[in-house]
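The values are calculated or read from the model by the stated rules, or taken from the named source; none is laboratory data. Computed from a predicted structure; not experimentally measured. Every residue, glycine as well, gets a Cβ built from its backbone with ideal geometry; the counts of neighbours run over all protein chains shown.
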Amino acid sequence: MDELPYGVLAALVGLGGGLALGLAARLGDFCTLGAVESAVYGKDQKRLRLWGVVLAVAILGTQVGGQAGWIDIGASFYHAIRWNIAASIVGGLIFGYGMAMAGNCGFGALVRFGGGDLRSLVVVVVMGIFGFVAMAGPLAPLRVALFPETPATGPQGVVHDLTTLTGLPPAAVFLPIAAAAIAWALAHAPLRRSPKMIGWGVVAGLAVVWCFAGTSWLAEASLGAVQVEGPSFTAPVGRTLIFLMTSTAGGLTFSVGAVSGVMLGALAGSMLRGMFRWEACEDPRELGRQVGGAVLMGIGGVIALGCSVGQGVTAFATLAWSGPVTLAAIIAGALIGLRQLIGGYQPE
């Protein structure tokens, strides 16, 4: 292991986390848009409540790891960059609306592509491209002007701010939050009767902890050459596309491993459930709507510094303020988009 380049080791960490998330999506029905849609329009909260399990495990594992010195929470960019509430709200709304138009978030599109859905491949590629258009391309100057990213001047986030304000130990802050999340999840009887879903929710939460712990160790061993990060699927999708096109110009990274792992995990889960089948879009207008949604997800995800998983789970696990705020904005944007679609919206 010591002979492998740090980039390869980071990719292996991402691969392991991505595999777990891909399997959790296919075998445990872990999905952002599907959870919102089924809760609001299907009157079934089971998939939504599963998020409580995922968040509880991710928060508890990440925070305990941080207190034990295994995870460098402050080095993650959710804490290293000063929180911009406008970016979280605006970016989250744009991403959520695009998610509804595309029929899935970036993570969900990777999962569906792993199950043979070629429409999702189009969504993934377009989202990755436009994420980089907003991050480092023609839209970057406008994004920076409207939503500047400045380094944080010191520790930030829910745990630091509340412990500073109240004088309580960190555990007195994060333990009640994790407990509230799991209590909310298990208060729903249909979820309690689905131990398989609960188990895959635990796996998804542990995948985030694994990624943070692995990259924290590599960041220290590589003297900062590897960044501390967890699963996210907007800019990392673009980085994976760049690697596939120009691998000789840059090596493997955590992002490449995580994105590849999700697709492989989804493929394995689809095969195990007998759900793999090739699908394509028969309606050009539907494809146009999905491409437009992918454009919005790429731009919105970069503005918000993360997607429904990157902010909604990964940043939330670090208890950065951006996590819950961005997740709420994403859900609001998705509800607006779903209402528009169900109300009979048809693109020209």
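Assorted remarks:
- The range 172-195, residues that are out of contact with any helix residue (DSSP H, G or I) (no Cβ under 7 Å at 6 or more places or on another chain) and surrounded by 13 or more Cβ atoms within 10 Å (Cβ to Cβ): A172, L175, A179, A180
- Qualifying residue in the range 277-285 (condition: assigned to a helix (DSSP H, G or I) and surrounded by fewer than 23 Cβ atoms within 10 Å (Cβ to Cβ)): yes
- Scanning the range 243-275 for residues that are free of Cβ contacts under 8 Å to residues at least 12 places away in the same chain and of a type in the set (V, I, T), we see that the one that is surrounded by the fewest Cβ atoms within 10 Å (Cβ to Cβ) is T248.
- Residues satisfying the criterion are absent from the range 212-223 (criterion: crowded, with 24+ Cβ neighbours inside 10 Å, at pLDDT 95 or above and among the acidic types (D, E)).
- Checking I336 against (1) buried (at least 17 other Cβ atoms within 10 Å of the Cβ); (2) outside any loop (DSSP other than H, G, I, E, B); (3) of a type in the set (A, V, I, L, M, F, W, C), the condition it does not meet: (1)
- Test: R239 is under 19 Å from the mean Cα position of the chain (by Cα) and basic (K, R): yes
- Within the range 115-133, the residues that satisfy the criterion of being within 18 Å of the chain's Cα centre (by Cα) and either among the hydrophobic types (A, V, I, L, M, F, W, C) or surrounded by fewer than 24 Cβ atoms within 10 Å (Cβ to Cβ) (or both) are L121, V123, V124, V125, V126, M127, I129, F130, F132.
- Hits in the range 177-211 (condition: of a type outside the set (K, R) and not in a helix (DSSP H, G or I)): A187, H188, S194
- Checked against (1) assigned to a helix (DSSP H, G or I); (2) out of contact with any Cys (no Cβ under 6 Å at 6 or more places or on another chain), P155 passes all but condition (1).
- Test: A152 is over 30 Å from L19 (Cβ atoms), surrounded by 14 or more Cβ atoms within 10 Å (Cβ to Cβ) and in contact with a Lys or Arg (Cβ under 7 Å, 6 or more places away or on another chain): yes
- Every test in (1) farther than 16 Å from M197 by Cα; (2) at pLDDT 95 or above is passed by W51 save one, and that test is (1).
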